[in-house]
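Structure record follows, encoded as structure tokens.
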Amino acid sequence: MSKPVIFISPSSQSGNNCVLGDTEQDHCRILGAEIFRLLSQDPRVIVGLCPIVTGTENARLSSAVWYSDEFVKSNGGDVDGIPAYHISLHTDAGGGTGITSFYIGSGTSKLLAQNIHQELLNCGLGYNDRGCSERATLYELKNPIASSVLIENGFHDNVTEATKFHNNINKLATCYCIAIYKTLNIDRYVAPVIPPPTTNTDLDKE
């Protein structure tokens, strides 16, 4: 039986400088890699991470959607009721604060965006709620075959917001994972603890 398919698409906006010295692309890839790491431990789902894409803005967006569609199709997602999600990760600019989430339509895209948005607001980092709304014109929402969301994870041109993001990558990634499980209506996955190998005292004496 096919498993739910999740494709993580970090921002490719390498020209958007973060106040802490890196770029929107750099830190969104760090967050994306952590979401990928956490979900990869779960044998119940299939997760992919978009490679770095280059070129014009249109070329980068087109490439990200192509990688997403190929990954989803090759793993049986969005066929015969098997869920498939495309999650676009961004940070905002313009001097504001808070989390903004976007979806398309009234189905799974909306549910996933709402779940992610709520988890990020409730994670204890004090994010301002900038709203969760439909934005049907966004390229990474209207073009993937998977149910797609785009999340602005705070403002990279605000020192407090940028520091909050950089210091809490695992917490933010965990919020995404919890939201995905809520959308799938399955229990949160907890990786088994593997004990260290038992020391053979007889060998130690040789």
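The values are calculated or read from the model by the stated rules, or taken from the named source; none is laboratory data. Please read all numbers here as calculations on a predicted model, not as lab measurements. So basically every Cβ, Gly included, is an ideal-geometry build from the backbone, and we count neighbours across all protein chains shown. Areas reflect the complete protein model, heavy atoms only, side chains present, ligands, DNA and RNA absent. Shrake-Rupley method; radii C 1.70, N 1.55, O 1.52, S 1.80 Å.
Just to confirm my numbers, what's the Cα centroid distance between the stretch 21-79 and the stretch 105-127 in Å? That distance is 19 Å. Residues whose amide H falls under 5 Å from that of G48, counting only those 5 or more places apart or on a different chain, are I6, F7, I8, with hydrogens built in the peptide plane. Amide H contacts under 5 Å for Q13: Q25, restricted to partners 5 or more places along the chain or on a different chain, H placed in the peptide plane at 1.01 Å from N. The relative contact order of the stretch 1-61, computed from alpha carbon pairs under 8 Å that lie at least 6 residues apart in sequence, is 40 percent. Computed over protein heavy atoms with a 1.4 Å probe, the carbon and sulfur contribution to the accessible area of the chain reaches 50%.
When you restrict to C-alpha pairs under 8 Å that are six or more residues apart and normalise by the size of the chain, the relative contact order lands at 25 percent. Ordered from highest to lowest accessible area with the whole protein assembly present and a 1.4 Å probe, Y189, Y176 read as Y189, Y176.
Fully extending the segment from S14 to N170, taken as 0.36 nm per residue of separation minus the present Cα-Cα distance, adds 53.9 nm.
With every protein chain kept in the model, how would you rank F71, F165 by accessible area, 1.4 Å probe, largest at the top?
Details: F71 50, F165 5 Å².
Largest accessible area first, the residues go F71, F165.
Dividing the mean sequence gap of close Cα pairs (under 8 Å, 6+ apart) by how many residues the stretch 96-206 holds gives a relative contact order of 31 percent. Between V79 and A136, the FRET efficiency estimated from the beta carbon spacing at R0 = 22 angstrom works out to 0.40. Each Lys or Arg adds one and each Asp or Glu subtracts one; over the other residues with Cβ under 11 Å from the Cβ of E152, this totals -1. At the residue level, C175 shows approximately 10 square angstrom of accessible surface with a 1.4 angstrom probe and all protein chains present.
If D69, D42, D157 are ordered by their accessible area, calculated over protein heavy atoms with a 1.4 Å probe, which sequence runs from highest to lowest?
Numbers: D69 25, D42 5, D157 65 Å².
My answer, sorted largest first, is D157, D69, D42.
Could you report the stretch 35-132's accessible area per residue, 1.4 Å probe, as an integer in Å²?
On the way: 4390 Å² over 98 residues.
So the stretch 35-132 comes to 45 Å² accessible per residue, rounded to a whole number.
Under 13 Å from the Cβ of S62, count the other residues' Cβ atoms, weight Lys and Arg +1, Asp and Glu -1, and hand me the total. Write out the running numbers ahead of the final one.
Working: positive: R60, K142; negative: E57, D69, E70, E140.
Around S62, the surrounding residues sum to -2.
Taking a Cβ cut-off of under 15 Å around I30, the surrounding Lys, Arg, Asp and Glu residues balance to a net charge of 0, with basic ones at +1 and acidic ones at -1.
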